[in-house]
Amino acid sequence: MTEDPRQSAWPGLMAGLLVGAVVGAVTALLFAPKSGEETRETLMEEMRERLGDLRDGVEQVKADLTRAAEAAKAGARDGAARMRRQVGLE
């Protein structure tokens, strides 16, 4: 059975999202023409947004994995039923 390239890309996507959030936060700190308090507030808003994005991504991965597991179970049940018929157990 071949691996679905979309499923194997999820860990990299999640890592990229996290690294991007950190890099964005550091860049904002270094180049922001705002006061420290305004910068902290902006960073907190950005981090909340990125955390929400990350949670959405995790939920999508969970849903995809659940669907894949259900499809695998159904395939296994069908395969087992075919084998039982072929060997005369049904």
Restricting to the range 18-62, name every residue that is over 27 Å from the mean Cα position of the chain (by Cα) and either under 25 Å from S8 (Cβ atoms) or among the polar types (S, T, N, Q) (or both). S35, T39
Can we say A25 is exposed (fewer than 11 other Cβ atoms within 10 Å of the Cβ), part of a helix (DSSP H, G or I) and aliphatic (A, V, I, L, M)? no
Where residues in the range 28-39 are in a helix (DSSP H, G or I) and not charged (D, E, K, R), which of them is nearest to R50 (Cα to Cα)? A28
Inside the range 63-73, can you point out the residues that are acidic (D, E) and closer than 20 Å to L13 by Cβ? D64
Only one of (1) surrounded by 10 or more Cβ atoms within 10 Å (Cβ to Cβ); (2) polar (S, T, N, Q); (3) modelled with pLDDT of 85 or more fails for T39. Which number is that? (3)
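The values are calculated or read from the model by the stated rules, or taken from the named source; none is laboratory data. All values reported here derive from a predicted model rather than from experimental measurement. Backbone-built Cβ (ideal geometry, glycine too); neighbour counts: all protein chains shown.
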